[in-house]
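So the structure is just underneath, and the comments pick up after that.
The values are calculated or read from the model by the stated rules, or taken from the named source; none is laboratory data. Small disclaimer: the values here were computed from a predicted structure and weren't measured. Positions of Cβ are backbone-derived with ideal geometry, glycine not excepted, and every protein chain shown enters the neighbour counts. The area values use the complete protein model at the heavy-atom level, side chains included, leaving out ligands, DNA and RNA. Shrake-Rupley method; radii C 1.70, N 1.55, O 1.52, S 1.80 Å.
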Amino acid sequence: QKVSVEVLDHLEHLALVDFRDLEGVERLQKAIQFADQLHEVNTDGVEPMDSVLEDRCLYLREDDVTEGNCTKELMENAREKVEEYFVAPPGNIPLPKLEERETFLPGS
């Protein structure tokens, strides 16, 4: 199944992943081909599951605090921090508009 330019653009904005090179597009197409195999499985009469463990009794353990007061050690792992907070990458990475990009999709 081929991926259209519009679908590629939509996926880039959802995942904040750049598929502008041929390798990225090929990897996406292979993933779609792999997932398409699920359509061949006959699921008639199979009820959806809430969990793969729904036939087992799940035991809850007590939530006992065994460690703590290690903020200083944890913050040493941060690449960037402000006060005592980790700084995450920005969520909205601006991508060029579809018309402004070249695409590696064959026939587009």
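Solvent-accessible area of D44, probe 1.4 Å, all protein chains present, reported in Å² to the nearest ten, please.
Near enough 130 Å² of accessible area.
Could you please put L11, L28, L60 in sequence from largest to smallest accessible area, using a 1.4 Å probe?
L60, L11, L28
Per residue of segment 67-79, in order, report the coupling 6.51 cos²θ - 1.76 cosθ + 1.60 (Karplus, θ = phi - 60°) as ³J(HN,Hα) in whole Hz, putting x for Gly and Pro.
Going residue by residue, I get 9, x, 6, 10, 4, 4, 5, 5, 5, 5, 7, 6, 6 Hz, with x marking Gly and Pro.
How much solvent-accessible surface does K30 expose, in Å² to the nearest 10, with a 1.4 Å probe and all protein chains in place?
So the heavy atoms of K30 present about 140 Å² to solvent.
Roughly speaking, what is the stretch gain from E84 to Q33, that is 0.36 nm per residue apart minus the C-alpha to C-alpha distance, in nm to one decimal?
Values: separation 51, 0.36 × 51 = 18.36 nm, distance 4.47 nm.
So the chain would gain 13.9 nm between E84 and Q33.
Set Lys and Arg Cβ to +1 and Asp and Glu Cβ to -1, take the dipole of segment 5-61 about its Cα centre, and tell me which of Q37, V17, C57 lies farthest positive.
In segment 5-61, that residue is C57.
Under the Karplus relation 6.51 cos²θ - 1.76 cosθ + 1.60, θ = phi - 60°, what is the ordered set of whole-Hz ³J(HN,Hα) values for segment 34-47, x standing for Gly and Pro?
Per residue, the Karplus-derived 3J(HN,Hα) values read 5, 5, 4, 4, 5, 5, 7, 7, 7, 10, 4, x, 9, 6 Hz.
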